[in-house]
Structures are given as structure tokens and as C-alpha cells.
Amino acid sequence: MRILLVEDDADLSHQIAAALRSQNFVVDLARNGEDGEHAGLTEIFDAAVLDLGLPKIDGVAVLKSWRDAGRTLPVVVLTARDGWPDKVAAFKAGADDFLTKPFRVEELVLRLRALVRRSAGHAASVITCGDLSFDAQLGTFELAGLPLKLTAFEWRVLSCLMLRKEVIVDRRELIERVYEGDADVDSNSIEVIVARLRRKIGTDRIETERGRGYMLTANSK
């Protein structure tokens with residue numbers, strides 16, 4: 001799951017990014033509204049965390065720009081303002097959720113997971129594909145009722161495939177959701193991660209669509 005974090009407070013942005021990364025999220029940082037607007041318009045994200053009080057362009061204007069351009073990623077708005085008019089402006093611009101500073105980072109993690117899950121079309125927190133299950137709220141996997149131990153990269157790939165089970169996920173899209181923007185990515189990195197996942201969950205559960213990407217199915221051999 002790849003998150004765009006647009007926050008100009010350096011300490012808070014580092015705190016949020018560290019917490020999200022500890023939960024296997026990929027985090028891209030923007031420190032002002034101009035950079036955040038550009039990132040949200042040009043790159044793929046599962047969700048965004050957007051401060052309202054940003055330099056250059058304020059958060060409401062950034063959000064309105066995304067929505068006007070047809071960007072549908074879920075957005076959690078952060079603000080030190082607690083007035084009702086600010087909340088109304090944010091929701092009218094297209095916000096999906098709202099947190100007033102100070103807040104618990106753990107709560108932000110839970111809200112992001114719920115938004116990403118619902119935006120992928122899953123109402124229930126537990127998603128199943130055969131005997132493989134993913135608790136999208138807790139971030140845990142089970143195979144045949146037993147906990148599945150995954151590395152951070154394996155978790156990112158499998159969660160992306162699980163949220164879109166039985167649908168082909170483009171290889172380039174997987175790369176963008178697994179690695180942060182400044183990462184040095186080997187050409188066969190996704191193939192290596194998929195191979196490791198197949199050894200853990202079954203060779204036929206992840207199908208390769210040549211020239212396109214991968215699809216998670218309920219097959220088990």
C-alpha cells in the first residue's frame with residue numbers, strides 16, 4: 001500500500017512516515033502543497049494524508065485540484081484547526097476522513113487501512129481467497145487458519161494482489177506500490193518476490209499474465 005504524505009511539519013511527517021513504514025506501508029513525502037499536488041496528479045497511490053495548512057498551496061486547493069483531475073484516491077485530511085467551517089471545506093473539496101491534531105498515529109493507520117480496503121471494493125475487514133485470508137484492518141495474513149510470516153516486500157505485494165484478487169495487477173503498478181520513489185529497483189525484483197510468495201502460499205495461487213502482470217486466484221496445488 002503506497003501512501004502520499006503531504007505535511008510541512010518535519011517532526012510530525014517523520015513520525016507519521018516511520019509509523020506507516022513499520023506497518024509495511026510505502027510512504028512518499030511532500031513538504032508543501034505544490035509538490036503534493038504534483039505527486040497526487042502524476043503518480044499512483046492507494047491513499048493520501050493531507051495537511052490543510054501547507055505552504056505554497058493550501059490543502060483544500062490541493063485536494064480540489066486532485067478531484068477536478070479525476071483522482072479518486074482516498075484522502076485523510078490533517079489539520080490543527082478544529083472549526084466546523086474547515087471541516088466543511090475539506091469534505092466539500094473531496095476529503096474522505098478527517099483528523100484534528102494532535103492525534104494518535106495508530107488511529108491514522110487504522111483509518112487508512114479501512115479507506116484503502118473500502119476503495120478496493122471490500123466491505124468486510126477480512127478478505128479471503130480460497131484458504132488464504134487477509135485481515136485488512138490488522139494487516140495480518142493466514143493460510144489454512146495459520147499465521148503467515150512475510151517480509152515487508154512480500155506483504156506489500158500480497159496485500160496488493162489480495163485487495164484485487166482475481167484481477168490482473170500490472171507489474172509496473174506493483175513496483176510503484178512496493179518501492180518508494182527513490183529506491184534503486186532491480187529489473188527482476190518483483191519476480192523474485194513473487195517466487196518467494198509462491199513457495200509460501202502455493203505455486204498456482206499467483207498466475208503470471210505475460211506482458212501484463214500477476215493475478216491472485218483461489219487455486220491451490
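Determine if segment 101-124 includes at least one residue that is touching a strand residue (DSSP E or B) at 6+ places or on another chain (Cβ under 7 Å) and of a type in the set (Ser, Thr, Tyr).
no
Out of all the residues in segment 123-134, is one or more surrounded by 15 or more Cβ atoms within 10 Å (Cβ to Cβ), in contact with an Asp or Glu (Cβ under 6 Å, 6 or more places away or on another chain) and modelled with pLDDT of 95 or more?
yes
Please find, within segment 28-64, the residue that is farthest from Leu163 (Cα to Cα) out of those that are in contact with a helix residue (DSSP H, G or I) (Cβ under 6 Å, 6 or more places away or on another chain) and of a type in the set (Lys, Arg).
By that ranking, first place goes to Lys56.
Any idea which residue in segment 17-27 is nearest to Leu50 (Cα to Cα), counting only those that are surrounded by 16 or more Cβ atoms within 10 Å (Cβ to Cβ) and out of contact with any helix residue (DSSP H, G or I) (no Cβ under 6 Å at 6 or more places or on another chain)?
It comes out as Ala17.
So for segment 163-174 (the condition being touching a Cys at 6+ places or on another chain (Cβ under 8 Å), in a strand (DSSP E or B) and modelled with pLDDT of 90 or more), does at least one residue qualify?
Yes, segment 163-174 has at least one match.
The values are calculated or read from the model by the stated rules, or taken from the named source; none is laboratory data. Keep in mind that this is a model prediction, so the values were computed, not measured. Glycine also receives a Cβ, built like all others from the backbone with ideal geometry; neighbour counts cover every protein chain displayed.
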